[in-house]
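Enquirer: Below you'll find the structure I mean.
All of the numbers you see were taken from the coordinates with simple rules; none came from a lab. Bear in mind that the values here come from a model prediction, so they are computed numbers and not experimental data. All Cβ positions, glycine included, derive from the backbone under ideal geometry; neighbour counts span all protein chains shown.
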Amino acid sequence: MHFSLSDCILDLVQNSLEADADEVQLLLEETDDSLIVRIEDDGCGMTEVELKKATDPFYSDGKKHVHRKVGLGLPFLIQTVSTTDGSFNIRSEKGKGTRVDINFNLKSIDTPPVGDLISLIYQVMSFHGSFNLIVNRSYTKDDRSESYTVNRNELQEILGELNSVSSLSLLKDFITSQEEELKTSWSSTS
Amino acid sequence: MSKMTLEDLRKLRETKKQEAAQRDSDGKDSLIIVGMGTCGIAAGAKDVLDVMLDELKKAGNDNVIIRQAGCMGLCHVEPTIEVRTPGMPDTIYGKVDAKVAKDIVNIHIIDRKLVNEHVYDKPAADIIK
């Protein structure tokens, strides 16, 4: 199992990019009780048989590492949700894309900590390659909801390639300010 | 910090660009590749990247490029990072935690010496494009 939920999500977004997705949507909806995550891509997708194999920890397609016999990305997710009363659903269509819906149960004592969402968001944004990634992040408490959206293409247009220390630092500051606003807007108005 | 708009970000970027142009940045163009496979992430690569970014920013090395790669085939010594610094041999460091990450920035990239205890390999040409 990954140390934090952020680690788990980072791993899954990378799957989408390795499936040659042009656009990935990442939804992060947090409440006191749960973290709902949706990762939707328009990558190469999987057939029903491939999808079944992908959830088996002792299967890897062998393309990246010829002699490797394990593939742990999805199995780590399944292990996490199945031991903590969470849920997940994965749908995929060959040639169309894949969508993963996850509900992490934050009330279970066995659920790993959410982890650092700021570094999760700036790091998925800065994966190498030409793709767009849209992150929709929201936080809901007492029937009130705050949210923000970041779009990789927009940020790249402003910051240039998201790989130098200068652009990554600015990106991190930007995400930090969005995150702080999300959580502090509660204390300032109440 | 108040919430930044995209316009604020654009202005900040321009200011930083001008500052960087005035600074002498010759020979600071290193490339760092962080192994972000399932194995790397499980061992803490996400935090290592975060620490490296903060440390490089603190040291004013704005031109260093940080890239994320998949597994480099050294799962047993994750987190791994490859460092390519002009005038230094390309090096793969393993078992990198926050302290080692800082050492790599200050000793390898700035002082141009190897962090000997954590050198694990030189890169395999077929793994990294």
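Enquirer: Please report, for the Cα atoms of the range A:1-145, the Rg to one decimal and the Dmax as a whole number; what are they, in angstrom?
Expert: My reading of the Cα-based Rg and Dmax gives 15.1, 51 Å.
Enquirer: Next up: I need the trypsin sites (Lys or Arg not before Pro) found in the range B:46-106, filtered to DSSP loop residues with at most 16 other beta carbons within 10 Å of theirs. Please report the intermediate quantities before stating the final value.
Expert: On the way: sites: B:46, B:57, B:58, B:67, B:84, B:95, B:99, B:102; in loops: B:95.
Listed in order of number, the matching sites are B:95.
Enquirer: Counting alpha carbon pairs within less than 8 Å and at least 6 residues apart, what relative contact order, in whole percent, applies to the range B:49-129? Let's see the in-between values first.
Expert: Numbers: 78 pairs, mean separation 23.2, N = 81.
Answer for the range B:49-129 is 29 percent.
Enquirer: Let me ask something additional. Anything in chain A that counts as a DSSP H helix reaching 27 Å or more along its axis (C-alpha) with Kyte-Doolittle mean of at least -0.5? List them, would you?
Expert: Flagged H segments are A:165-189.
Enquirer: For the range A:1-144, give the share of DSSP beta bridges that are antiparallel, in percent and rounded to the nearest 5; count only bridges with both residues there.
Expert: For the range A:1-144, the DSSP antiparallel bridge percentage is about 75.
Enquirer: Can you tell me the 0 to 90 degree angle between the C-alpha axis of helix B:6-22 and the longest principal axis of chain B, rounded to 10?
Expert: The angle comes out at about 80 degrees.
Enquirer: Which distance in Å, rounded to a whole number, links the C-alpha centroids of the range A:29-44 and the range A:96-166?
Expert: Comparing the Cα centres of the range A:29-44 and the range A:96-166, I get a distance of 9 Å.
Enquirer: Under a Cβ-Cβ limit of 4.7 Å, which cysteines in chain B have nobody to pair with?
Expert: For chain B, the answer is B:71, because their Cβ atoms have no other cysteine Cβ under 4.7 Å.
Enquirer: Which percent, nearest 5, of DSSP beta bridges in the protein assembly as shown are antiparallel? Can you show the working numbers first?
Expert: On the way: 40 of 53 bridges.
Close to 75 percent.
Enquirer: Of the residues A:139, A:122, A:59, which exhibits the maximal mean-square fluctuation in a Gaussian network model of chain A defined by a 10 Å Cα contact cut-off?
Expert: A:59
Enquirer: Have a look at the DSSP beta bridges in chain B and tell me what percent are antiparallel, nearest 5. Please list the in-between numbers first.
Expert: Working: 9 of 14 bridges.
Among the beta bridges of chain B, antiparallel pairing accounts for roughly 65 percent.
Enquirer: Also: Over chain A, what is the relative contact order in whole percent, taking alpha-carbon pairs under 8 Å and six or more residues apart?
Expert: RCO, chain A: 25 percent.
Enquirer: Inside 10 Å of the C-beta atoms of B:34-47, what's the mean count of C-beta atoms belonging to other chains?
Expert: Other-chain Cβ atoms within 10 Å of each residue's Cβ, averaged: 6.
Enquirer: About its Cα centre, how strong a charge dipole does the range A:5-189 have in debye, to the nearest 20, once Lys and Arg get +1 and Asp and Glu get -1 at the Cβ?
Expert: The dipole of the range A:5-189 has a size of about 640 debye.
Enquirer: Something else now. How much net charge surrounds residue A:52 when only the other residues with a Cβ under 15 Å from the Cβ of residue A:52 are counted, with Lys and Arg +1 and Asp and Glu -1?
Expert: Every neighbour counted, the sum reads -2.
Enquirer: Looking at this model, which pairs from A:63/B:122; B:16/B:113; A:107/B:57; A:96/A:141; A:53/A:172 are more than 31 angstrom apart at the alpha-carbon?
Expert: Numbers: A:63/B:122 22 Å; B:16/B:113 29 Å; A:107/B:57 37 Å; A:96/A:141 36 Å; A:53/A:172 36 Å.
Correct reply: A:107/B:57; A:96/A:141; A:53/A:172.
Enquirer: Additional query: Taking the Cα centre of the range A:1-98 as origin, sum charge times position over the Cβ atoms of Lys and Arg (+1) and Asp and Glu (-1), and report the length of that vector in debye to the nearest 20.
Expert: In total the dipole reaches around 660 debye.
Enquirer: Specify the residue with the greatest mean-square fluctuation among A:85, A:142, A:42, computed from a Gaussian network of chain A linking alpha-carbon atoms under 10 Å apart.
Expert: The residue with the greatest mean-square fluctuation here is A:142.
Enquirer: Cα axis of helix B:45-58 to longest principal axis of chain B: angle in degrees, 0 to 90, nearest 10?
Expert: 50 degrees
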